[in-house]
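Report on the following structure.
The values are calculated or read from the model by the stated rules, or taken from the named source; none is laboratory data. Small disclaimer: the values here were computed from a predicted structure and weren't measured. Every residue, glycine among them, receives a Cβ derived from its backbone with ideal geometry; neighbour counts consider all protein chains shown. The area values use the complete protein model at the heavy-atom level, side chains included, leaving out ligands, DNA and RNA. Shrake-Rupley method; radii C 1.70, N 1.55, O 1.52, S 1.80 Å.
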Amino acid sequence: MTQLLKAGIVGGTGMVGQRFVQLLNGHPWFKVTAIAASAGSAGKTYEQAVQGRWKLDTPIPEDVKSIVVQDASKVEEVAAGVDFIFCAVDMKKDEIKALEEAYAKTGTPVVSNNSAHRWTADVPMVIPEINPGHLDVIAAQRKRLGTSTGFIAVKPNCSIQSYVPMLNALKEFGPKTVVASTYQAISGAGKNFTDWPEMLDNVIPYIGGEEEKSEQEPLRIWGSVEDGAIVKASEPHITTQCIRVPVTDGHLATVFVSFKNKPSKEEILERWSSFAGRPQELGLPSAPKQFITYFEEENRPQTGLDRDIEGGMGVSAGRLREDSLYDYKFVGLSHNTLRGAAGGAVLIAELLKAEGYITAKQDQ
């Protein structure tokens, strides 16, 4: 049996941290050996630290209940007990940047759920099926940080997973203009209806910073590695509106797109159904077998029915039709805390392990 890599979760008591704990329970490659959080949680067992704050439907896994939570700021102590870490802390952006770099400088790979390093030139921001080649920039990052084994890799914003995969599958036709509105679940804010009763029977037409991320991050994902930095793509031009809606999980997008070379509907559906990437080639444990699922029914995909497709790691589309102003319009859906957050980060870690970027420290 292959030796499990030792994973730490920094920011393990919050909602995304809890998802990491859930997803890593019984994982075939990784085992949680350390959980770190704020000084207020340090010294408690994990069960004590999340008492009254456990937000998931499944119980706390037995394997982690008795792990004593460490102080996330004591970087050397946490790093000593792990081969790599997932980071999902709730701090100011500059503090997150400094913390993640401190972990990387100990020789510890960091797979981040945070937005702080998404625009750091030599930090890859990855959707594993779409831009695995961006991992090449890690060599330049290691040189800058002065480490041979540590680095930071980040997951993009959860909202873009609901439409970027579909557009990526159609890149050969040259998407040039995209209008997307996203209808985003409250778990994207780390909340449930108990925490946020104001969301019941309500829609809030603003999510701070979300529209800029939704418009710019796809261009970085479609960018190229040049001289040790990621240079973002110049097209397509994307404009978005991001709306908070009263659902627990799942981000739905309505998308309008025009192409340089307009495909037929049949060509679009064929590209979506056949699209696969490096995770599918490698058979990574968390990879969906079918990345994009298209629904023929007019009333699908639905958030409540379809967010858990492929264990929440697949994305779905529907209502593809020609448009009077743009070439086509369609609806997309992704699970924001699985594919869009913790699950996406776990898939990145699997890709990093499979490509040799994460190894057991005793083997280095």
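Give me the distance in nm between label points sitting 7 Å out from Cα along the Cα-to-Cβ direction at Thr58 and Asp136, one decimal.
In this crude label model, Thr58 to Asp136 measures out at 3.7 nm.
Using mean Cβ contacts within 10 Å as the protection proxy, how do 126-133, 200-207 order, highest first?
Numbers: 126-133: 22.0, 200-207: 11.1.
Answer by packing, highest mean first, reads 126-133, 200-207.
In sequence order, what are the phi-derived ³J(HN,Hα) couplings for the range 52-65 according to the Karplus relation 6.51 cos²θ - 1.76 cosθ + 1.60 with θ = phi - 60°, rounded to whole Hz, with x for glycine and proline?
x, 10, 6, 9, 9, 6, 7, x, 4, x, 4, 4, 10, 3
Please report Rg over Rh for the range 188-287, where both radii come from the alpha carbon positions and Rh follows the Kirkwood definition. Can you show the working numbers first?
Working: Rg = 18.0 Å, Rh = 17.3 Å.
Dividing the radius of gyration by the Kirkwood radius yields 1.04.
Would you kindly work out the equivalent ellipsoid of the range 255-320 from its C-alpha gyration tensor and give its semi-axes, the square roots of five times the eigenvalues, largest first in whole Å?
On the way: eigenvalues 97, 62, 15 Å².
They are 22, 18, 9 Å, listed from largest to smallest.
Can you list the HN-Hα couplings for the range 250-255, worked out from phi with the Karplus curve (6.51, -1.76, 1.60; θ = phi - 60°), rounded to whole Hz and with x for Gly and Pro?
Each residue of the range 250-255 in turn: x, 10, 9, 10, 10, 10 Hz.
Could you work out the equivalent-ellipsoid semi-axes for the range 94-247, taking the square root of 5 times each eigenvalue of the Cα gyration tensor, largest first, in whole Å? List each step's numbers first, then the result.
Working: eigenvalues 173, 96, 23 Å².
Calculated on Cα positions only, the semi-axes equal 29, 22, 11 Å.
Just how far, in whole angstrom, is the range 239-317 from the range 142-175 if you go by their alpha carbon centroids?
17
From Cα coordinates alone, what are the radius of gyration and Dmax values for the range 165-220 in angstrom?
Radius of gyration, then largest Cα-Cα span, for the range 165-220: 15.1, 45 Å.
Would you work out which of Met199, Ser181, Ile152 lies farthest towards the positive end of the dipole of the range 128-203, given +1 charges on the beta-carbon of Lys and Arg and -1 on that of Asp and Glu, about the Cα centre?
The listed residue farthest towards the positive side: Ile152.
Taking H as built 1.01 Å from N, whose amide H comes closer than 5 Å to the amide H of Leu333, not counting residues under 5 places away?
Ala253, Ser316
Given bins 5 angstrom wide, list per bin the percent of all Cα-Cα distances in the range 101-145, short to long.
Percent of Cα pairs in each bin: 5, 21, 31, 30, 11, 2.
Which length gain, in nm to one decimal place, applies between Ala229 and Glu77 when the Cα-Cα distance is subtracted from 0.36 nm times their residue separation?
51.6 nm
Could you pull out every residue, at least 5 positions away or on a different chain, whose amide H is within less than 5 Å of the one on Ala36? Hs are placed 1.01 Å off N in the peptide plane, and Pro or chain starts have none.
It is Ile9, Val10, Gly11, Gly12, Gln70, by chain and number.
Once R0 is set to 35 Å, what does the formula 1/(1 + (r/R0)^6) return for the Cβ-Cβ distance between Gln241 and Glu355, expressed as a FRET efficiency to the nearest 0.05? Write out the running numbers ahead of the final one.
On the way: r = 37 Å, r/R0 = 1.05.
After rounding to 0.05, the efficiency reads 0.45.
Pop out the ³J(HN,Hα) list for the range 7-18 in order, Karplus 6.51 cos²θ - 1.76 cosθ + 1.60 with θ = phi - 60°, rounded to Hz; leave Gly and Pro as x.
With the stated coefficients, the range 7-18 comes to 9, x, 10, 9, x, x, 9, x, 5, 5, x, 5 Hz.
Would you work out what percent of the accessible area of the range 38-137, with all protein chains in place, is carbon or sulfur (probe 1.4 Å)? Could you put the intermediate results ahead of the total?
Values: 2040 of 4330 Å².
Accessible surface attributable to carbon and sulfur in the range 38-137 totals 47 percent.
Using the charge dipole of the chain (Lys, Arg: +1 at Cβ; Asp, Glu: -1 at Cβ; taken about the Cα centre), state which of Cys242, Ala276, Ala116 has its Cα farthest towards the positive end.
Of the listed residues, the answer is Ala116.
Would you pull out the residues with amide H under 5 Å of Ile152's amide H, same chain only if 5 or more places away, H placed 1.01 Å from N?
When sequence neighbours closer than 5 places are left aside, the close amide H contacts are Val110.
Can you pull out the GluC sites (Glu not before Pro) in the range 269-305 whose DSSP state is coil and whose Cβ has at most 16 other Cβ atoms within 10 Å?
Details: sites: Glu270, Glu281, Glu296, Glu297, Glu298; in loops: Glu296, Glu297, Glu298.
Sparse-neighbourhood loop GluC sites (Glu not before Pro): Glu296, Glu297, Glu298.
Just from its helices, what would the mean residue ellipticity at 222 nm be for the chain, if runs of 4 or more DSSP H residues each count -39500 (n - 2.57) and the sum is divided by every residue, rounded to the nearest 500 deg cm²/dmol? Could you put the intermediate results ahead of the total?
On the way: 12 runs with 93 residues, N = 364.
The per-residue figure over the chain is -6500 deg cm²/dmol.
Note down the magnitude of the dipole of the chain about its Cα centre, charges +1 on Lys and Arg C-beta and -1 on Asp and Glu C-beta and zero elsewhere, to the nearest 20 debye. List each step's numbers first, then the result.
Values: 38 positive and 45 negative charges, 97 e Å.
Using Cβ point charges on Lys, Arg, Asp and Glu, the chain gives about 460 debye.
Only four residue types carry charge here, +1 at the Cβ of Lys and Arg and -1 at the Cβ of Asp and Glu. Report the dipole size of the range 248-328 about the Cα centre in Debye, rounded to the nearest 20.
On the way: 10 positive and 14 negative charges, 50 e Å.
Here the range 248-328 has a charge dipole of around 240 debye.
Give the residue from Val331, Tyr163, Ile35 lying farthest towards the positive end of the charge dipole for the chain; charges sit on Cβ (+1 for Lys and Arg, -1 for Asp and Glu) and the dipole is referred to the Cα centre.
Ile35
For the chain, what is the convex hull (Cα atoms) projected area averaged across all directions, in square nanometres?
Working: hull surface 70.7 nm².
Here the figure is 17.7 nm², rounded to one decimal.
In Å and whole numbers, how far do the C-alpha atoms of the range 293-357 stretch along each principal axis, longest first?
Ordered largest first, the range 293-357 gives principal extents of 48, 26, 16 Å.
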